[in-house]
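The values are calculated or read from the model by the stated rules, or taken from the named source; none is laboratory data. Since the structure is predicted, the reported quantities are computational estimates derived from the model, not experimental observations. Note that each Cβ is placed from the backbone with ideal geometry, even for glycine, and that neighbours are counted across all protein chains shown.
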Amino acid sequence: MKKQVTIYDIAKKAQTSTATVSRVLSKSGYPVKPELRERILKIANELNYIPNMIGRQLKTNTSMTIGVVIPTITNPFYSSVVLGIEDIARERGYQVLLCNSHRSSKIEEEYLKTLLEKQVKGLIISSVSSDKDELSKLMKMGLNIVAIDQSINELNASQIHFDYRKGGILATEFLIEKGHTKIAFISSPLNRISRQYVYEGYKDALMNYGIKPNRAWILISSREEEVSEMNYEFNNGILMTRELLTCSELPTAIFAGNDMTAFGVMNELNAQNIKVPEQISVVGFDNIEFSKMVSPTLTTIQQPDYEMGRIACNTLLDQLDGVNTQNIDIILQPRIIERNSTKENETEG
């Protein structure tokens, strides 16, 4: 690699001091002769000079960078959230440092320390850690934090989350109203508040309709690990469905904790020559873009992922810019998106 051009190189070629070059390139109001200013700018352009933003931030104690920590980039839900964040950040002159914690609380903590060292101005995080001490320390140090997706009740921070319990109720009630009473539930570990609420919604809906849940049809993975060669949720959907199919009696519908899990469910059902929705209906959760691309298209719960990212970023930047210093708590609402993976149950009644 070529040696990066510095203000010393420009000063030498312009036959002036580095202080003068610095004043011109930083657009300082310090008076510099027009012809010298023009010569410096021309030389900087010819040499393809790139400003050292980190050095400038350290010197001026300013930063136009925010950090974003998400559990995984392999789930398109988070990709859409990040897109919303980036779109707003770019509009408002900020840059984004994206960190993928790989579903690990340890990696999340390491990233938090790294972002502090990088002197990010603020943080948007979907935390997977049950220990919020590190986040608490950052807030005490003055770092602005906005929590997304996963609620952080222990911290006095702005939160943009989703009514997961209501989403769980909507999905289960939708199946019940389609004539299904034998409804299975498949999920990743309930180590996040969002998953716990979806599961609670599933149970609440069954109870409201007087349906006793069958424990054999509730399959919740005991471990969660990101694997580079396969999406975790998709693989978990496959494995949990295999276990479900060993039951002596099968459900007529399956509610999966998210869309990627639902894709794994449908993949395994197809592999076992069980037709969706003719034999078993399937409902997902998230309404990611792929849900309308698979066959059959997936009935799912819509949660506004892109909008969540936009709201979170606007909230953080408003706080950083002093537009609004108050914490806010926004709960986005779900709705059912009916597609071809579900149908009326004709085997009961």
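The C-beta contact set for the range 14-30 (first residue surrounded by fewer than 17 Cβ atoms within 10 Å (Cβ to Cβ), second residue of a type in the set (D, E, K, R), distance under 7 angstrom, 6+ apart or interchain) comprises Tyr30/Arg23. Would you say Tyr209 is modelled with pLDDT of 95 or more, under 30 Å from Ser101 (Cα atoms) and not assigned by TED's automatic domain parsing to the domain that holds Ser104? No. Could you say whether any residue in the range 215-222 is in the same structural domain as Thr252 (by TED's automatic domain parsing), free of Cβ contacts under 8 Å to residues at least 24 places away in the same chain and surrounded by fewer than 23 Cβ atoms within 10 Å (Cβ to Cβ)? Yes, some residue in the range 215-222 is in the same structural domain as Thr252 (by TED's automatic domain parsing), free of Cβ contacts under 8 Å to residues at least 24 places away in the same chain and surrounded by fewer than 23 Cβ atoms within 10 Å (Cβ to Cβ). Filtering the range 314-341 to residues that are out of contact with any Asp or Glu (no Cβ under 6 Å at 6 or more places or on another chain) and either of a type in the set (S, T, N, Q) or closer than 10 Å to Ile160 by Cα (or both) leaves Asn314, Thr315, Gln319, Thr325, Gln326, Asn327, Ile328, Asp329, Ile330, Leu332, Asn340, Ser341.
Can you confirm whether the range 174-184 contains a residue that is crowded, with 20+ Cβ neighbours inside 10 Å and assigned to a helix (DSSP H, G or I)? So far as the range 174-184 goes, yes, one or more of its residues are crowded, with 20+ Cβ neighbours inside 10 Å and assigned to a helix (DSSP H, G or I). Mind checking whether some residue in the range 124-133 is assigned to a strand (DSSP E or B) and surrounded by 20 or more Cβ atoms within 10 Å (Cβ to Cβ)? Checking the range 124-133: at least one residue is assigned to a strand (DSSP E or B) and surrounded by 20 or more Cβ atoms within 10 Å (Cβ to Cβ).
Of everything in the range 133-153 that is of a type outside the set (A, V, I, L, M) and within 20 Å of the chain's Cα centre (by Cα), the residue that is farthest from Val198 (Cα to Cα) is Asn144. Pairs are defined by a Cβ separation below 7 Å, a sequence spacing of at least 6 or placement on different chains, a first member in the range 73-96 that is on the phi > 0 side of the Ramachandran plot and outside any strand (DSSP E or B), and a second member that is among the aliphatic types (A, V, I, L, M) and surrounded by fewer than 17 Cβ atoms within 10 Å (Cβ to Cβ); the pairs so defined are Gly93/Met64. Of the strands (runs of 3 or more DSSP E) contained entirely in the range 272-349, those carrying at least 1 residues that are within 30 Å of Glu249 (Cβ to Cβ) fall at 281-283, 300-302, 335-337. Restricting Glu200, Glu243, Glu233 to residues that are of a type outside the set (A, V, I, L, M, F, W, C), free of Cβ contacts under 8 Å to residues at least 40 places away in the same chain and either within 23 Å of Ala147 (Cβ to Cβ) or not in a helix (DSSP H, G or I) (or both) narrows the list to Glu200.
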